[in-house]
Amino acid sequence: MSTFDRVVNEYGAGHLWVVSFVAVLVAGAGAVAAAPRVVWDRFLWHYFWGPVYADAMAASCAVMTDAGPEPLYEGCTAAIESGRVVAEPGYTVVSEIGYMLILVYMLVGVYLLLDRLDIADDPKLYFAFVPFMLLGGALRTVEDATDRALDAGVAPIVDYPLSSLIISPVIYGTLFVMTLVTLVACLRLDREGYLDNYYRATAAVGSGLVLLTLAYLTGVALTTDYSTLYPSVLVSTVGIASVLAYGLYRAFGAYAPEVNSGTGYIGLLVIWGHAIDGVANVILADWLDALSVPLTYYPKHPANAFIISTTEALQPAGLTAAIGTSWPFLVVKLVVASLVVWLFNEEFMDESPRYALLLLVAVTAVGLGPGTRDMLRATFAI
């Protein structure tokens, strides 16, 4: 037995993860204290918190000053050219890599927690988490409504700094806490005999929160001047994504049954979640005029922006005018989601059900969450 195995057996993997988490926080705080200009201003703030701050303030960018961060509503290019530390809303390659590493690290911690609670080895729990994935996109749209309210001179329902909790990527942490608290509470009520099934109770709480959030957004659209309801976006996105996802699912069942053999209907939802993201991006980028929606949106993710710019450069102008330049993003989404479902074969699902379930939840969330936000943002014109 190796030294590492002996340490894990003696102290427990969960305790070691908590120790490592605390050590990372202490090391990070020490680095910030030792070199604040380099570690905080030019790295952590510039790539991670600065974009969240700029987004929360509905600014074009934010600049770090001696007195702290300052939102800028114009003059961002001049600030960058002058060498100031500037953060813009959205993601960069550095931040996306960083968030990916954080996601993997946190997934390990969640896995150890679920193992300690002795739950999440039943695929039914996956379906209980789906409403919370939709909730993430809906809450993110609430923050978009906050930006619109500020632009219109109206006091928003959620203001900074509270609004930072529902801005990407902080919202993933917020949703994680909400989901975990709901799950643990329902599990306890189940084990004490107050509930018959904590899966259904967890799903019911998530569904209720989604409906409440949608009711708020609908009220904003019907009672304010800065939001307008365009149900055609919602219907088109859900309809097209559902047809594509179900069509692929049935095609795999008929011609490549090994793709669906391990996941079943979970695989269908994985593909559907990423189809929602892909279709929403295509509609927002190229087809809003066809739906009579007088809005313009731009991609915030580097991968999406790269695909669009590459397609624009390689695709004939006539074809671009006819179908737009964002369609390859949808193709990539469907292909990648299908490959992920295929990797979760029966052997993997049977040998590591808890680990497989956790990964499938994460894979679905990174598609369905942003896709729901984009879809609702255009649906409510915010």
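Ranked from largest, the principal axis spans of the Cα set of the stretch 114-228 equal 50, 25, 22 Å. To put it simply, the accessible area of the stretch 302-352 at a 1.4 Å probe is 71 percent carbon and sulfur.
Fully extending the segment from VAL26 to VAL335, taken as 0.36 nm per residue of separation minus the present Cα-Cα distance, adds 107.2 nm. With only Cα atoms counted, the chain has Rg and Dmax values of 22.2, 68 Å. Think of it this way: in the chain, CYS186 stand alone, with no other Cys Cβ under 4.7 Å. Put a plus charge on the Cβ of each Lys and Arg, a minus charge on the Cβ of each Asp and Glu, and nothing anywhere else: the dipole of the chain about its Cα centre is then about 160 debye. Note on the stretch 114-192: with neighbouring protein chains present and a 1.4 Å probe, carbon and sulfur make up 62 percent of its accessible heavy-atom surface.
Here the contact order of the stretch 219-369, divided by its residue count and restricted to Cα pairs under 8 Å and six or more residues apart, works out to 31 percent. Sorted largest first, the spans of the alpha carbon positions of the stretch 208-322 along the three principal axes are 52, 46, 24 Å. If you take the Cα centroid of the stretch 247-273 and the Cα centroid of the stretch 177-194, the two points sit 31 Å apart. Rounded, prolate or oblate, given the Cα gyration tensor of the stretch 1-148, with a/c below 1.5 counting as rounded? Verdict is oblate for the stretch 1-148. Taking all protein chains as they are arranged and a probe of 1.4 Å, the heavy atoms of PHE176 leave approximately 80 Å² accessible to solvent. Solvent exposure of the chain amounts to 51 Å² per residue of accessible area, where only protein heavy atoms count and the probe is 1.4 Å.
The values are calculated or read from the model by the stated rules, or taken from the named source; none is laboratory data. Here the structure is a predicted model, which means the values were calculated and not measured. With ideal geometry, Cβ positions are generated from the backbone for all residues, glycine too; neighbour counts draw on all protein chains shown. In case anyone asks, the SASA skips ligands and DNA or RNA and just uses the protein heavy atoms, side chains included. Shrake-Rupley method; radii C 1.70, N 1.55, O 1.52, S 1.80 Å.
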